[in-house]
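One structure follows; several queries about it will come next.
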Amino acid sequence: MLKIAPYFSNKLIAWYLQNKRELPWRNTANPYHIWLSEIMLQQTRVLQGLPYYLKFVEAYPKIEDLANAPEDEVLKLWQGLGYYSRARNLHATAKMVSEEMKGAFPNNYKDLLKLKGVGDYTASAIASISFNQPEAVVDGNVYRVLSRFFGISTPINTTAGQKEFKKLAQRLIDKDQPGTFNQAIMEFGARFCVPQNPDCGNCIFNDSCVAFQQRKVSQLPMKIKSKTVKIRFFNYLVFLSENERTILQQRNGKGIWHKLYEFPLIETSEEINLSMLKKLPQFQDFSKKLNIENISLFNEKPVVHKLSHQHLNTRFWIVETSEASESTIPISEVKNYAVPVLIENFVSEFFENY
DNA sequence: AACTCGGGGAG
DNA sequence: CTCCCAGAGTT
């Protein structure tokens with residue numbers, strides 16, 4: 001316990017009780033609901049995750065309902081939220097808890113940590129909020145608040161930084177109300193001690209915040225810059241048969257969008273034209289099997305779909321065929337498949353009048 | 001220790 | 001444009 005801990009905690013929690021948002025997962029200690037919200041909010045803003053939380057709670061009132069759902073259905077509900085391994089791990093953990101643990105959710109940090117998709121942050125969040133255990137969370141908000149208040153310049157995206165801030169948070173946590181403390185420091189970071197231009201003049205800690213006293217608020221927290229993004233070139237083959245069928249494929253193996261669906265994809269090392277497309281072996285595999293009548297380019301100017309670590313330079317080729325072959329689906333059923341936002345945007349634009 | 005994995009909001 | 005969000009898993 002640090003000498004400053006009671007001061008920090010009391011002031012923080014007082015602020016929280018006056019300023020907290022009313023959120024659906026704040027009116028319960030149900031570990032299923034807390035777990036669900038914490039998985040969804042990993043690297044995701046509250047306002048982005050909120051509608052998904054409401055959808056999931058309605059579709060799956062109990063963890064057994066989630067466990068019994070098909071994986072494709074879970075992915076479809078998750079569509080648009082990103083980081084789809086969260087959805088797959090969520091489903092796997094629901095089955096694990098429902099079937100092998102007979103529905104009894106793990107009730108302590110150590111056992112929670114064993115669950116797929118549950119790391120240090122999420123295990124601490126569930127342990128403190130649902131089971132009142134003094135396990136301190138360290139998320140992006142906590143890094144920011146603590147690095148500023150204590151004037152710590154250790155980079156947060158290093159092993160040393162993670163250990164240092166975890167230890168500090170653990171020494172600060174209010175052991176009588178750990179869940180409230182954890183939510184308070186995160187809410188304070190999200191709503192007041194914000195990344196850009198925080199209102200330090202009106203901050204409850206501006207007489208004790210080291211960064212504010214030393215005018216280093218804008219420099220904290222420190223972070224090691226990540227490398228530059230990779231640029232990729234995607235060519236989607238949007239097959240259209242005369243009886244209104246097309247082809248979707250499920251992504252498997254490693255990489256982005258694992259287990260989501262998309263049109264047949266040919267990735268190239270640069271932008272290509274129609275004659276280059278026709279010469280590609282991947283394309284010829286299709287032209288051998290299908291009677292292709294016409295090919296047109298939907299978007300001359302590539303759609304640049306930006307992910308945090310890669311830019312997808314994407315063009316959609318409309319490939320009209322005379323007849324339906326095997327492995328096609330009715331165009332009207334495309335909307336039932338979980339697809340990346342990149343595909344969803346194209347589908348809603350192209351098939352709008354279809 | 002470094003890399004990978006989405007999408008969107010804010011300035 | 002840049003930064004970052006109630007991080008975790010893999011290499």
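How big is the accessible area of A:E293 in square angstrom, nearest 10, if you roll a 1.4 angstrom probe over the protein chains?
Estimated to the nearest 10 Å², A:E293 gives 110 Å².
Right, something else. Would you mind giving the three semi-axes, in whole Å and largest first, of the ellipsoid equivalent to chain A according to its Cα gyration tensor?
46, 25, 16
I want to check the label-to-label distance for A:D285 and A:K116. Put each point 7 Å from Cα in the C-beta direction and report it in nm to one decimal.
A separation of 2.7 nm, rounded to one decimal place.
Which shape class applies to the stretch A:230-350: rounded if a/c is under 1.5, otherwise prolate when a/b exceeds b/c and oblate if not, where a ≥ b ≥ c are the square roots of the Cα gyration tensor eigenvalues?
oblate
For chain A, what is the accessible area per residue in Å², given a 1.4 Å probe and the full set of protein chains?
Per residue, chain A has 52 Å² of solvent-accessible surface.
Something else: Can you give me the % of accessible surface on chain A that is carbon or sulfur? Probe 1.4 Å, all protein chains present, nothing else counted.
Roughly 49 percent, rounded to a whole number.
Also: Rank A:A160, A:Q170, A:A190 by how far each Cα sits towards the positive end of the charge dipole of the stretch A:5-219 (+1 on Lys, Arg Cβ; -1 on Asp, Glu Cβ) and give me just the farthest.
A:A160
Another question about this same structure. For n ≥ 4 DSSP H runs only, could you compute -39500 (n - 2.57) per run for chain A, divide by its residues and tell me the 222 nm figure to the nearest 500?
So the calculated ellipticity at 222 nm is -12000 deg cm²/dmol.
Given the C-alpha centroids of the stretch A:256-327 and the stretch A:17-57, what is the distance between them in whole angstrom?
38
Using alpha-carbon pairs under 8 Å, 6+ residues apart, how would you state the relative contact order of chain A in percent?
16
Which Cα, out of A:S269, A:I247, A:L280, lies furthest along the positive dipole direction of chain A (beta carbon charges, K/R +1, D/E -1)?
So the residue furthest toward the plus end is A:S269.
The values are calculated or read from the model by the stated rules, or taken from the named source; none is laboratory data. None of these values were measured; they are calculated from a predicted model. Note that each Cβ is placed from the backbone with ideal geometry, even for glycine, and that neighbours are counted across all protein chains shown. Note: areas computed on protein heavy atoms with side chains; ligands, DNA, RNA excluded. Shrake-Rupley method; radii C 1.70, N 1.55, O 1.52, S 1.80 Å.
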